[in-house]
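The values are calculated or read from the model by the stated rules, or taken from the named source; none is laboratory data. Owing to the predicted nature of the structure, the values given are computational and were not obtained by experimental measurement. Every residue, glycine as well, gets a Cβ built from its backbone with ideal geometry; the counts of neighbours run over all protein chains shown. Accessible surface is based on the protein model in full, side chains and every heavy atom, while ligands, DNA and RNA are left aside. Shrake-Rupley method; radii C 1.70, N 1.55, O 1.52, S 1.80 Å.
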Amino acid sequence: MEDVVAWAVEVDASERLFERVHQSCLVRAARELPTYIGAKMDEEAKHRVHKLTRADIKMIGRSRLLMSFDDFREYVGAQVAAYNGRRHSELGMSPLDRWERLLRDQPDTMIDRLAPEEAADLFRPTVERVARRGQVELWTNIYFLRDLEHHHGETVQVGFDLHDASQVWVRDQAGRLIGVAKLDGNKVPFMPALTRAEREQQIRTKGRRDRLNRDLAVVEAELNGGPALIEHASRTTVDEFFLNAARRQLDALETVSGAPTPAAANAAEAPARPIFGTDHQFAAWLAVNPGQATSTDLAWLKPRLADPHFLLLLDACSIDVEALKTLCREAA
């Protein structure tokens with residue numbers, strides 16, 4: 001910066017070919033804003049705007065007179081576009097017209113264009129830091145680059161983006177790019193970052209694995225002659241619990257209801273009542289054999305037909321609920 005200042009002082013003003021863009025573009029644009037404060041404006045108006053904006057910021061953290069940073073960037077971009085499209089006295093035309101005329105009159109002109117990464121470097125602030133074990137520290141952030149290990153103890157130039165702290169650009173003192181150092185690039189998270197879809201897939205996989213392990217434990221216990229294990233119900237809603245229980249016991253129900261009834265010794269002998277292992281098996285038998293229902297059976301059945309969860313279980317097992325309700329009504 002000192003070299004630039006010295007050069008500007010030594011060159012005569014008449015020899016300068018570059019117009020003062022700051023004055024011609026940015027200062028002119030600032031004068032159009034209600035918050036402009038300049039040397040040539042009225043002192044009372046200057047202090048009034050200053051007090052209003054500072055009071056707003058102190059009270060609510062922002063001022064209604066100040067535009068947001070994103071709006072400011074768009075405003076500056078529009079002013080630069082207007083500057084390039086405005087006629088300049090020295091050129092006799094706008095810079096944009098001059099550029100198009102140059103391309104038209106000299107089609108063979110070689111234009112040295114900057115690559116996107118080179119253009120980004122022009123607006124990237126740079127500070128000096130000492131490299132240590134492949135790392136550079138910048139405002140409590142630590143950036144790692146493997147190639148930086150060869151520069152341990154050396155002072156390097158660290159370029160950073162004002163709006164992105166995920167990486168920095170490290171150069172040696174000659175300006176040669178060493179590489180791009182990543183924020184916490186030498187750290188491995190204990191739990192890897194997962195997308196929502198990956199996390200849901202892991203949950204489904206874990207649930208399937210747990211269910212298979214429980215079924216395997218039951219099979220091994222039965223194989224070894226031990227008692228059948230009672231499966232632990234997972235954390236589900238009551239409806240899901242009954243539905244899952246119904247599906248697991250559906251085969252047993254079909255076996256009981258579909259088994260042929262042994263022939264009676266004689267026509268006068270009534271068929272024996274089977275022994276039921278579950279409530280819904282008993283309800284299925286009552287729906288098929290309403291004539292054998294006793295008053296005790298009906299006293300047991302009536303409150304259960306008022307239970308929505310029990311009705312859901314009967315429906316999942318394809319048991320005729322209407323037949324059971326009709327049985328209770330006729331008995332009443």
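Taking only pairs six or more apart or across chains, which ones have beta-carbon atoms under 7 Å, a first residue in region 134-148 that is without any contact (Cβ under 8 Å) to a residue 60 or more places away in the chain, and a second residue that is hydroxyl-bearing (Ser, Thr, Tyr)?
Going by the 7 Å Cβ cut-off, the qualifying pairs are Gln135/Tyr143; Val136/Tyr143.
Pull up region 55-95, narrow it to residues that are among the acidic types (Asp, Glu) and surrounded by 11 or more Cβ atoms within 10 Å (Cβ to Cβ), then point me to the one that is nearest to Cys25 (Cα to Cα).
Glu74
Exactly one of (1) among the charged types (D, E, K, R); (2) touching a Leu at 6+ places or on another chain (Cβ under 8 Å); (3) farther than 29 Å from Gln23 by Cβ; (4) open to solvent by 80 Å² or more (accessible area, probe 1.4 Å) is unmet by Arg146. Its number?
The single condition Arg146 does not satisfy is (2).
Can we say Leu52 is hydrophobic (A, V, I, L, M, F, W, C), open to solvent by 60 Å² or more (accessible area, probe 1.4 Å) and either farther than 30 Å from His88 by Cβ or at pLDDT 75 or above (or both)?
Yes: the conditions hold for Leu52.
For Gly179, which of the numbered conditions (1) of a type outside the set (A, V, I, L, M); (2) open to solvent by less than 40 Å² (accessible area, probe 1.4 Å); (3) in a loop (DSSP other than H, G, I, E, B) fails to hold?
All conditions are met except number (3).
Which of the residues belonging to region 308-332 are of a type in the set (A, V, I, L, M), open to solvent by less than 40 Å² (accessible area, probe 1.4 Å) and over 48 Å from the mean Cα position of the chain (by Cα)?
Ala323, Leu324, Leu327
When you check Ala6 against the structure, is it in a helix (DSSP H, G or I), at pLDDT below 80 and either out of contact with any Phe, Trp or Tyr (no Cβ under 6 Å at 6 or more places or on another chain) or surrounded by 10 or more Cβ atoms within 10 Å (Cβ to Cβ) (or both), yes or no?
Yes; evaluated as a whole, the condition is true for this residue.
Being open to solvent by 60 Å² or more (accessible area, probe 1.4 Å), within 26 Å of Arg176 (Cα to Cα), in contact with a Phe, Trp or Tyr (Cβ under 8 Å, 6 or more places away or on another chain) and without any contact (Cβ under 8 Å) to a residue 12 or more places away in the chain, is that true of even one residue in region 112-126?
No, because not a single residue in region 112-126 is open to solvent by 60 Å² or more (accessible area, probe 1.4 Å), within 26 Å of Arg176 (Cα to Cα), in contact with a Phe, Trp or Tyr (Cβ under 8 Å, 6 or more places away or on another chain) and without any contact (Cβ under 8 Å) to a residue 12 or more places away in the chain.
Would you confirm whether or not region 100-111 contains a residue that is open to solvent by 80 Å² or more (accessible area, probe 1.4 Å), assigned to a loop (DSSP other than H, G, I, E, B) and under 25 Å from Leu33 (Cβ atoms)?
No, region 100-111 contains no residue that is open to solvent by 80 Å² or more (accessible area, probe 1.4 Å), assigned to a loop (DSSP other than H, G, I, E, B) and under 25 Å from Leu33 (Cβ atoms).
Is there any pair with a first residue in region 23-34 that is exposed (fewer than 13 other Cβ atoms within 10 Å of the Cβ) and a second that is part of a helix (DSSP H, G or I) and at pLDDT below 85 whose Cβ atoms are under 9 Å apart and which are 6 or more apart or on different chains, and what are they?
Listed pairs, sorted by first residue: Pro34/Val49.
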